[in-house]
Amino acid sequence: MIGSSSSGPCLLALLLVFSTANAQSGGNKYINNNEASKVKLEEFKCPEGQGNGNFADPATCRRFYQCVDNYPYLNRCPSGLYFDDISKFCTFKNEARCGPIPTTPAPITEEPTDLAERCDTSECQLPYCFCSRDGTIIPGGLKPSETPQMIILTFDGAINHNNFDHYQKIFNSGRLNPNSCPIKGTFFISHEYCNYNMVQSLAHDGHEIAVETVSLQKGLEDKDYDEWVNEMIGMREILRRFSNVSKQEVIGMRAPYLKPGRNTQYRVIEDYGFIYDSSIGVSPVKTPIWPYTLDYKIPHECKAGTCPTKSFPGVWELPLNTHYVETYDGGHCPYLDQCVLHSHDADDVFQWLQEDFNRYYEQNRAPYMMPFHTNWFQIKELENGLAKFLDWANSLPDVYFVTAYQALHWMTEPKPLSQLSHFEGWDCKNKKENLPEPPCNNANKCALDFKPADSNFTTTRYMETCTECPNRYPWLTDAKGTGYTVDDYSLEKEQQQ
């Protein structure tokens, strides 16, 4: 793929498509009617029983249909891209799996006997357990009017020159929460092309650093326990060694492509001291889902099909509610950069985000997570529309921009709005312990040998860090970059540290 990409092939899927269809017959307030036309082709019918979504055009891999309320709207991929009927987005020709690809019924197997049970609120009590039958209940028995509307800004992938200044613009704008503390975000870091001096800068400023994985490999959801350990714990070790981020501060993770690793991933989370995961997507629902612990069965449909089925007591899940507006203009998406908004101007983007946000704000005030890849910030209209939305939301007296961990801190100890000015979990007056030193002015620019998996050649990867350059580019089983050791992440060693 392209060497300057900050988070691998997934980002190169771009923004899905150039939309040529309107999701309603008479135009709408978000899409220019001169650029959008309603297309009805009798030969294509939306698949029965599969709900709203994107489906391959049988005639060409360059187009796909967006089905809304069983009505097909024709869409085209951007120039040079093709529709992947498995991932349901547009990507490069050599990566696209053209459709329609028939779905294979799951084999009939004997049901496991250790499945998680449905929520029992009489047994599940804060601060160690939280659940509700449908996932929509506010913790602590608070009314919506007493509940802070949390916004969680999250960013996936490598940090580098493609995105660092864009991210800094969000947080260095002088935006403050109602308790006069600066707004913060959560960064799920992947390794390749990452600048660890920049990661250290973000961590020093008090942003939360979490892990995605080392390699962003596809198909990880079906890999074994050791592979998940190498990906997750290896990434945590790379952050510790090259960004000076304490492993005690890295307590959250997100699976690549929002494909949870079934029960295996959550065993690693449990065994290696992570507090939460944020990998499970939620299909479009009228009332958003609150985070929950995995003591019990997840309270919604498993969108990816690879969610945990067992009980993992005390492990938190911050699900990704689907973003959409009532008319489905722009489609629906877990990551905001995957919705079709690139033809909108900044005001349209602002209004779209505002309507999406109000579904939370005017109902149960579940945390409004805004997940991004670098893609979003490459289009000026999207970036400017986001800035308008952030300024508007920041003007509301009951809205707080918090990290994923801060949101969970509040959930374990729910406080009404009237008590938040002195809520210790969101206080910024006392400097947080374990923060790394400020980034260095002259970071080491390391040119390192790297041999990609399943490759017969060695290439060069560049890495910036305040620490000493390693011998080779750090990778799976060699997070230190020594070039000759095999990492030991055994539980026995982990417990000794």
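The values are calculated or read from the model by the stated rules, or taken from the named source; none is laboratory data. Just so we're clear, the structure is a prediction, and the values are computed from it rather than from any experiment. Virtual Cβ from ideal backbone geometry, glycine too; neighbours counted across all protein chains shown. Ligands, DNA and RNA are stripped out before the accessible areas are found, and what is left, the full protein with its side chains, is counted by its heavy atoms. Shrake-Rupley method; radii C 1.70, N 1.55, O 1.52, S 1.80 Å.
Show 246, 173, 278 ordered by accessible area, largest first, where the area counts protein heavy atoms only and the probe is 1.4 Å.
Working: 246 25, 173 60, 278 0 Å².
From most accessible down to least: 173, 246, 278.
What length, rounded to one decimal in nm, is gained on full extension from residue 392 through to residue 224, with 0.36 nm per residue of separation minus their alpha-carbon distance?
55.9 nm
Charges only on Cβ, +1 for Lys and Arg, -1 for Asp and Glu: so what's the dipole of the chain about the Cα centre, in debye to the nearest 20?
Charge dipole, the chain, about its Cα centre: 840 debye, nearest 20.
Going from most exposed to least, what order do 193, 128, 324, 360 have by accessible area with a 1.4 Å probe?
128, 193, 324, 360
Just to be sure I understand: of the beta bridges DSSP finds with both ends in the chain, what percent are antiparallel, rounded to 5?
Details: 29 of 51 bridges.
The antiparallel fraction comes to roughly 55 percent.
Can you tell me the length gained on complete extension of the stretch residue 491 to residue 345, counting 0.36 nm per residue apart and subtracting the Cα distance?
This chain segment gains 47.4 nm when fully extended.
In square angstrom, what is the accessible area per residue of the chain with a 1.4 angstrom probe?
It amounts to 44 Å² per residue over the chain.
Sorting check: for 145-152, 391-398, which peptide has the highest mean count of neighbouring beta carbons within 10 Å, and how do the rest follow?
145-152, 391-398
Taking the alpha-carbon centroid of each part, what is the distance from segment 348-384 to segment 431-497 in angstrom?
One Cα centre to the other: 34 Å.
Which peptide among 462-471, 477-486 comes first, and what is the full order, when sorted by highest mean count of other Cβ atoms within 10 Å?
Those peptides, ordered most packed to least, come out 462-471, 477-486.
For every helix of n ≥ 4 consecutive DSSP H residues, a contribution of -39,500 (n - 2.57) applies; sum these over the chain, divide by its total residues, and give [θ] at 222 nm rounded to the nearest 500 deg cm²/dmol.
-5500 deg cm²/dmol
In µm²/s, what is D for the chain at 25 °C and 0.890 mPa s, where D = kT/(6 pi eta Rh) by Stokes-Einstein and Rh is the Kirkwood radius from Cα pairs?
For the chosen part, D equals 104 µm²/s.
Go ahead and run the numbers for FRET between residue 441 and residue 43, Cβ-Cβ distance against an R0 of 60 Å, rounding to 0.05.
Rounded to the nearest 0.05, the efficiency is 0.45.
Rounded to the nearest percent, how much of the accessible area of the chain (1.4 Å probe, protein heavy atoms only) is carbon and sulfur?
Answer for the chain is 47 percent, counting heavy atoms of protein chains only.
Over the heavy atoms of residue 224, what accessible area does a 1.4 Å probe trace out, to the nearest 10 Å²?
90 Å²
Quick one: ranking 302, 333 by accessible area, 1.4 Å probe, largest first, what do you get?
302, 333
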